[in-house]
Amino acid sequence: MITIVYNDIYKYHASKKYHVENPNRIDKALSAINQLEVRFEKPIRVNDPQIVHSEDYVKLVEKHSQLEENLDADTYTNKYTYETALYALGGALKAFETNGFALVRPPGHHAGINGKAFGAPTLGFCIFNNIAYPIKKYKLKRVAIIDFDVHYGNGTQEIFYDDPDILHIDIHQDPRTIYPGTGFANMVGGKDAEGTKINLLIPPLGSDDLYDELIPIIQAILDDFKPTVIAYSAGFDSYVGDGLSSVNATEYTFYNFGIISNKFPRKYAVLEGGYDKGLVRGLKAFLEGFANVEIEYKKYKSTDAIRSRFMNYLSEEKQILRNYWSI
Ligand SMILES: [Zn+2]
């Protein structure tokens, strides 16, 4: 039985013009969730987003939301955005408390301390950083964040960059080919936290076989780090044909990401991206893995040329990782 944290308020944040990050995403996700054995929990509204973000940024969001002004070229607000984002933080908190999945909008992993993170051009549809909130609220130690959204979780990595207690493993499409343009293997964490920030790249057109190479590495690092909590920034935009990326992951990959969590005592997951098929098929497979349901999915393969590009990235990544981890 999986706990899903959800409230209809997550549909209130909406753009007047068509936007790919829209309330219909929730319906797509629910169509997958309703095929599984779940129980629903209501999120709470939090009143201290400042434990994650600067006071100025929180005020900026509140003001833009009142005026229904865009925060930047990618990121809209309406009069419900500020409230909805506070409930999204509360959704992540409730997911942590119930070992559950937070079906929230707006997403959060691009939102850094002051908004845009590491010089990103925009906030990439994100408002407040949901995955970070339970960690800050309960001052959690030894948390492993796994971010498999196809985009680099620059906001999350920035928030915890100098914190050696938070391991952040971010698997994303080669940033030379996709927003936000940062997130290479040489970003390993700040002084005294070196090695706890890990960026693993998938080239465009990469499929399940490449993700499959990463799973044992991630597992070895987790065994070394010994987290007490696994936290997922769960984005489904790497699913083949989802729309915003050129990576071709399928159910096989999402299921395997979910399965990793089962040997650890506490876990929670928060929805990030995913815009079309990924929100249905990818999410369902992830939740099956997350709930330790036994099922077999077909593994799809990349072409030899894509695989060899990936292997070049991986050998460079491994060289860096070996400075810090037994892999
Ligand atoms: Zn994404």
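The values are calculated or read from the model by the stated rules, or taken from the named source; none is laboratory data. Worth saying up front: this structure is predicted, and the values here are computed from it rather than measured. A quick note on method: Cβ atoms are made from the backbone with ideal geometry, for glycine too, and the neighbour counts reach across all protein chains shown.
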Check: Among the residues of the range 60-73, is any surrounded by 17 or more Cβ atoms within 10 Å (Cβ to Cβ), closer than 30 Å to residue 285 by Cβ, touching a residue at least 60 places away in the same chain (Cβ under 8 Å) and aliphatic (A, V, I, L, M)?
Finding: no
Notebook entry, point to check: When you look at residue 247, is it among the β-branched types (Val, Ile, Thr) and within 16 Å of the ligand (Cβ to nearest atom), yes or no?
Noted result: yes
Note to self: I need a count of the residues in the range 201-240 that are within 16 Å of the ligand (Cβ to nearest atom), over 15 Å from residue 256 (Cα atoms) and crowded, with 23+ Cβ neighbours inside 10 Å.
What the structure shows: 4
Note to self: Just to be sure I understand, how many residues within the range 135-150 are buried (at least 24 other Cβ atoms within 10 Å of the Cβ) and away from the ligand (no atom under 16 Å from the Cβ)?
What the structure shows: 3
Notebook entry, point to check: Name the residues in the range 7-28 that are in contact with a Phe, Trp or Tyr (Cβ under 9 Å, 6 or more places away or on another chain) and over 16 Å from residue 84 (Cβ atoms), would you?
Noted result: 17, 20, 28
Item checked: Residue list for the range 233-254, filter: more than 16 Å from residue 107 (Cα to Cα), of a type in the set (A, V, I, L, M) and assigned to a loop (DSSP other than H, G, I, E, B) -> 240, 247
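Of these, 124, 108, 112, which one is within 16 Å of the ligand (Cβ to nearest atom), within 20 Å of residue 193 (Cβ to Cβ) and crowded, with 24+ Cβ neighbours inside 10 Å?
Among 124, 108, 112, only 112 is within 16 Å of the ligand (Cβ to nearest atom), within 20 Å of residue 193 (Cβ to Cβ) and crowded, with 24+ Cβ neighbours inside 10 Å.
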Checklist line | Pairs with Cβ under 6 Å, 6+ apart, first in the range 305-327 and in contact (Cβ under 8 Å) with a residue 40 or more places away in the chain, second assigned to a helix (DSSP H, G or I) and not charged (D, E, K, R) | finding: 310/210; 325/221; 327/217; 327/220; 327/321
Check: For the range 91-115, what are the residues that are more than 16 Å from the chain's Cα centre (by Cα) and on the phi < 0 side of the Ramachandran plot?
Finding: 94, 97, 98, 113, 114
Checklist line | Boolean, residue 293 is among the β-branched types (Val, Ile, Thr) and within 16 Å of the ligand (Cβ to nearest atom) | finding: no
Item checked: Residue that is nearest to residue 285 (Cα to Cα) [pool: residues in the range 172-185 that are touching a residue at least 12 places away in the same chain (Cβ under 8 Å) and out of contact with any helix residue (DSSP H, G or I) (no Cβ under 7 Å at 6 or more places or on another chain)] -> 172
Check: Does residue 324 satisfy the criteria of being of a type in the set (Phe, Trp, Tyr) and either farther than 20 Å from residue 153 by Cα or modelled with pLDDT under 95 (or both)?
Finding: yes
Notebook entry, point to check: Which one of these is touching a Phe, Trp or Tyr at 6+ places or on another chain (Cβ under 6 Å), surrounded by fewer than 24 Cβ atoms within 10 Å (Cβ to Cβ) and at pLDDT 95 or above: 268, 300, 252?
Noted result: 252
Margin query: All but one of (1) of a type in the set (Gly, Ala, Ser); (2) in contact with a strand residue (DSSP E or B) (Cβ under 6 Å, 6 or more places away or on another chain); (3) within 16 Å of the ligand (Cβ to nearest atom); (4) within 13 Å of residue 101 (Cβ to Cβ) hold for residue 274; state the number of the condition that does not hold.
Written below: (2)
